[in-house]
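The values are calculated or read from the model by the stated rules, or taken from the named source; none is laboratory data. What you see is a predicted model, and the numbers here were worked out from it, not measured in a lab. With ideal geometry, Cβ positions are generated from the backbone for all residues, glycine too; neighbour counts draw on all protein chains shown. Keep in mind that these areas ignore ligands, DNA and RNA; they rest on the heavy atoms of the full protein, side chains included. Shrake-Rupley method; radii C 1.70, N 1.55, O 1.52, S 1.80 Å.
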Amino acid sequence: TVVEGWELFADVCMVAAVEQCLKFVFRRQRPSYAKQGTFFCLPGEWYSFPSGHTQRAAFISRRLHYHLPWSSQSMFFLLLWPILVAWSRVAKGRHFPLD
């Protein structure tokens, strides 16, 4: 429904705000082995930890877990999605493996 959509949007925005705060707390530099971009929309984006993409993927995966009918296939994909997002961020050189 529309209300649930707005609630999910607000929750994702809150996750992004927490991510930005954590980036300023930890201030971990991005990997030097990969060329990094120079344009960032938000000030905290030049820091590496935590990975916002992975954090949001894990959050949305967890939220979908409550709304999808339970099956071993859906649980497999909901678990696999954040793992693949995390791997892709490391593979692109934007994050360290423990970010």
Practice problem: Could you give me the residue pairs with C-beta distances under 8 Å whose first residue belongs to the stretch 1-30 and is open to solvent by 70 Å² or more (accessible area, probe 1.4 Å), whose second residue is among the hydroxyl-bearing types (Ser, Thr, Tyr) wherever it lies, and which are 6+ apart or on separate chains? | Solution: 24/47; 26/47; 27/47; 28/47; 28/48; 29/47; 29/48
Exercise. Write out, first by first residue and then by second, each pair whose Cβ atoms fall under 6 Å of each other, whose residues are 6+ apart or on separate chains, and whose first residue, in the stretch 76-98, is open to solvent by 100 Å² or more (accessible area, probe 1.4 Å) while the second is among the aromatic types (Phe, Trp, Tyr).
Key: none
Quiz item: How do the pairs read when you match residues in the stretch 47-61 that are in a loop (DSSP other than H, G, I, E, B) with residues anywhere that are aromatic (Phe, Trp, Tyr), using Cβ under 7 Å and keeping only pairs 6 or more apart or on different chains?
Solution: 48/96; 49/26
Practice problem: May I ask you to verify whether residue 48 is in contact with a Lys or Arg (Cβ under 6 Å, 6 or more places away or on another chain), of a type in the set (S, T, N, Q) and buried (at least 16 other Cβ atoms within 10 Å of the Cβ)? | Solution: yes
